[in-house]
1. From the residues in the range 29-43 that are within 18 Å of the chain's Cα centre (by Cα) and without any contact (Cβ under 8 Å) to a residue 60 or more places away in the chain, which one is farthest from residue 85 (Cα to Cα)?
2. Please find, within the range 44-70, the residue that is nearest to the chain's Cα centre (by Cα) out of those that are within 16 Å of residue 119 (Cβ to Cβ) and either in contact (Cβ under 8 Å) with a residue 40 or more places away in the chain or surrounded by fewer than 18 Cβ atoms within 10 Å (Cβ to Cβ) (or both).
3. Which one of these is under 11 Å from the mean Cα position of the chain (by Cα) and surrounded by 15 or more Cβ atoms within 10 Å (Cβ to Cβ): 124, 86?
4. Those residues that are charged (D, E, K, R) and more than 15 Å from residue 50 (Cβ to Cβ), I need them from the range 98-118; list them, please.
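Every read-out reported here was derived from the displayed coordinates using simple, explicitly stated rules and does not represent laboratory data. If you're wondering where the values come from, they're calculated on a predicted model, not measured in any experiment. Every residue, glycine as well, gets a Cβ built from its backbone with ideal geometry; the counts of neighbours run over all protein chains shown.
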Amino acid sequence: MVNSNPVARRAPNLGLVTRLVYGYVGLTAATLVALAVLSVLAPQQATAEAWGHQVIVAIFAVVLPLRVRAARRGSDRALRAVTIIALVVAVVNLVEAFLPAFPLWMRVVMVAVVLLMAALAGVATGRLAARTTS
């Protein structure tokens, strides 16, 4: 039996995109836990700026899986949104990694986020191109 659903035929494998997004979600959760622990043990390492940044990052950690889920159902717009969000998060984290308001450990996390989001944007762009050419 042949699958006649055009969306199912067009949807490329988004397994790597999904894993990268959930890697970001895990890193975000771990960073929130680290901030909570440091707030008690070393408050100078859990600055207000770090908390503000991480709360915004956590919002994207909620939005990205929702967009990936829609992309897995065949939505090109959702996959494009994943790409745009990844690029914005990467650029913002890259800029903020050089600001003195953040503790060193947080800057290291920001660089990790930049690398993760750059990989996500690259893979998502490739998958989007595969969808539009088939």
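1. Only one residue fits best here, namely 33.
2. 64
3. Working: 124 fails: under 11 Å from the mean Cα position of the chain (by Cα).
Going through 124, 86 in turn, just one is under 11 Å from the mean Cα position of the chain (by Cα) and surrounded by 15 or more Cβ atoms within 10 Å (Cβ to Cβ): 86.
4. none
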